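> Sharing a structure here in structure tokens format.
Any read-out appearing in this document is the output of simple, stated calculations on the displayed coordinates, not a laboratory observation. Computed from a prediction, not measured in an experiment: that's the story for all the values here. Positions of Cβ are backbone-derived with ideal geometry, glycine not excepted, and every protein chain shown enters the neighbour counts.
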Amino acid sequence: MKKTLSLILLGACPFLLNAQSTVHKTVKPYAATGKSVAVYTTAQNTDYRITRTATLAFKPLAQPVETQACIFVDPAKTFQSVLGIGGALTDASAETFYKLPADKQKEILNAYYNTETGIGYTLARTNIQSCDFSSDTYSYVADNDVALKTFNIDHDRKYRIPFIKSAITAAGGKLTLFATPWSPPAWMKTNNDMLHGGKLKPEFDQAWANFYVKFIKAYEKEGIPVWGLSTQNEPMANQKWESCIYTAEDERDFIKNYLGPTLHKSGMADKKVIAWDHNRDLMYQRLSTIYEDPEAAKYVWGAGFHWYVRDVFDNVKRVNEAFPDKNLMFTEGCSERFDLSRIEDWKWGEVYGKSMVNDFNNGIVGWTDWNILLDEQGGPNHVGNFCYAPIHANIQTGKLTYMNSYYYIGHFSKFVRPGAKRIISSSNRDQLLTTAFVNKDNKLVVIVLNLTEETLPYYLWIKGEAASTTSLPHSITTLIVQ
């Protein structure tokens, strides 16, 4: 790191406020006259890390010519409302956190959740029972306890529960949290193993549905509200770690006959059920199978997806086109195969920027990174599946390393607040990717991504008014119109 977090974000302003959305609504024309543009930049080969780099002014510009690069923004065309942006609070993150000195713990919480000195996370995911990013495999119940009488979350009280509570406090007392199981207990599965795939035995469908309710009640008793839950993490992946296979029909029927009714009967009809929670590749097949069954679809808030099949972004768009009444949320992504010697590679941040621009433009309402914190080896992980996180901590020295992915995410999470509406932002250059939002106070947030080696001058153009600026090579810029 070239600068401490406090120096990097010096002078950055919070743009916090909530908004509500209507889909494809046209409102009165927007006037840019008299408004200024605050420019925040993160760029390769510079010291810029969400740094205030310019203040722009609008001037009249009628019909642009083809030689003028432009980002065309139309605030009158609004789309989905943003739920939040954040990352996962896993066993691995929590364990790493509590191996650090108190001042480093405070720095991490501020870095993620403070809206002024940090990047203002508002969304979180956590695991139900163990996952690969746990130090061991564990269950909340004893073997063959179908009635779940032995259910307890004592394991989580050591690290994860206090960690999540600290994150909620750092976020101002509210954090939208959803929970995901990686596997039922081994004895509920066809392979008698929490690892290596296998399927849920039909005779335990109801017991497993009851398990979700037990988890939610236990966490909420600890003072941790649970907003929603996934049916299953990566239900088509037979992994060497915790995993469980569901076909589309399996998931549809489990939601329809067990999970949905059980949540409703338990007074948890308000808990949001997230289907799929796997890659973009099979999204349409999976979700059409579920959504085209009205008795299953009525229980499902929307779909979650991951990026490990990376750039099939149109699949997200297809689901949004076909099922516009259902929500979409990115629920997990990280850069895999941790190598400490490559932690400064610029491509790690650009993967995030490209995903976030495309996914928001294709209709997602929320975006959730994987582990918010890992150690200097990319763990702990009980099967050696070491990965990158936006912040790594050396538990021997206490040193924190902020990856460029932290800043790329921050260009969204710091400025695009819950309730913001996505608006039209269109580029006439394929070298400049863009998306845009309007917050409740009517401040516009325009994000511009440059993945090239070129310095690219362009105009931010709004209804005959334009502000001239430049996109640096391998950079992400957030422009605030106010």
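> Say a paramagnetic label sat at a point 7 Å from the Cα of Arg157, along Cα to Cβ; which residues of region 164-201 have their backbone N under 17 Å from it?
What the label zone holds, given the 17 Å backbone N cut-off, is 164-166.
> Moving to a separate point now. What pairs in Lys174/Lys272; Lys149/Lys221; Lys199/Lys354 have C-alpha atoms more than 25 Å from each other?
Lys199/Lys354
> Same structure, new question: Need one word for region 128-221: rounded, prolate or oblate. Basis is the Cα gyration tensor (sqrt eigenvalues a ≥ b ≥ c); a/c below 1.5 gives rounded, then a/b vs b/c decides.
prolate
> Just the C-alpha atoms of region 237-375: what Rg/Rh do they give, with Rh taken as the Kirkwood radius?
That ratio is 1.01, to two decimals.
> How far, in nm, would the chain grow between Asp47 and Ala62 when pulled straight, counting 0.36 nm per residue and subtracting the alpha carbon separation?
1.8 nm
> Scaled to the compact-protein estimate 2.2 N^0.38 Å, what is the alpha-carbon radius of gyration of region 200-253, rounded to two decimal places?
Against the compact-globule rule of thumb, the ratio is 1.30.
> Note down the magnitude of the dipole of region 84-413 about its Cα centre, charges +1 on Lys and Arg C-beta and -1 on Asp and Glu C-beta and zero elsewhere, to the nearest 20 debye.
Value, rounded to 20: 600 debye.
> Suppose we take every Cα in region 331-401 and form the convex hull; what volume per residue is that in Å³?
Normalising the Cα hull of region 331-401 by residue number yields 91 Å³.
> To continue, here is another question. Please report, for the Cα atoms of region 33-169, the Rg to one decimal and the Dmax as a whole number; what are they, in angstrom?
Using the Cα atoms of region 33-169, the pair Rg, Dmax is 23.2, 73 Å.
> Can I ask one more? Could you order the peptides 185-194, 459-468, 275-284, 55-64 from most to least packed, using the average number of other C-beta atoms within 10 Å per residue?
Working: 185-194: 18.1, 459-468: 21.0, 275-284: 23.1, 55-64: 12.8.
Ranking the peptides 185-194, 459-468, 275-284, 55-64 by packing returns 275-284, 459-468, 185-194, 55-64.
> Given the peptides 219-229, 80-90, arrange them by the average over their residues of other C-beta atoms within 10 Å, most packed first. Working shown, then result.
Details: 219-229: 16.9, 80-90: 25.3.
In descending order of packing, they fall as 80-90, 219-229.
> From the helices alone, meaning DSSP H stretches of at least four residues, give me the mean residue ellipticity at 222 nm for the chain, per-run term -39500 (n - 2.57), in deg cm²/dmol to the nearest 500.
-6500 deg cm²/dmol, from helical runs alone.
> Any chance you could give the angle, 0 to 90 degrees and rounded to 10, that helix 102-113 forms with the longest Cα principal axis of the chain?
Between helix and principal axis, roughly 70 degrees.
> Which distance in nm do the two modelled labels at Asp136 and Glu336 give, with both placed 7 Å along the Cα-to-Cβ direction?
Label at Asp136, label at Glu336, 2.7 nm between them.
> Taking the Cα atoms of the chain, what is the range of coordinates along each of the three principal axes, in descending order and whole Å?
Taking the Cα atoms of the chain, the three principal extents are 72, 54, 35 Å.
> What is the set of long-range amide H partners of Ile71 at a cut-off below 5 Å, with H atoms built 1.01 Å from backbone N?
The list, which skips near neighbours in sequence, is Tyr459, Leu460, Trp461.
> Follow-up. Among all the aspartates and glutamates, which ones have a C-alpha under 18 Å from Lys271's C-alpha, if same-chain residues fewer than 8 places away are not counted?
Hits, sequence-local ones excluded: Glu220, Glu222, Glu251, Glu295, Asp325.
> Students often forget the sequence filter, so: which lysines lie under 28 Å Cα-Cα from Lys59 once same-chain residues fewer than 8 apart are removed?
Lys25, Lys28, Lys35, Lys77, Lys414, Lys421, Lys440, Lys443, Lys463
> I've got another one for you. Treating the Cα atoms of region 364-462 as identical point scatterers in vacuum, please give the log10 of the normalised Debye intensity I(q)/I(0) at q = 0.14, 0.23 Å⁻¹, two decimals.
Debye intensities relative to I(0), on a log10 scale: -0.73, -1.17.
> Given the chain, what percent of its DSSP beta bridges are antiparallel, to the nearest 5?
Working: 53 of 91 bridges.
Of all bridge pairs located within the chain, approximately 60 percent are antiparallel.
> Compute the distance from the alpha-carbon center of region 261-312 to that of region 102-165, in whole Å.
That distance is 23 Å.
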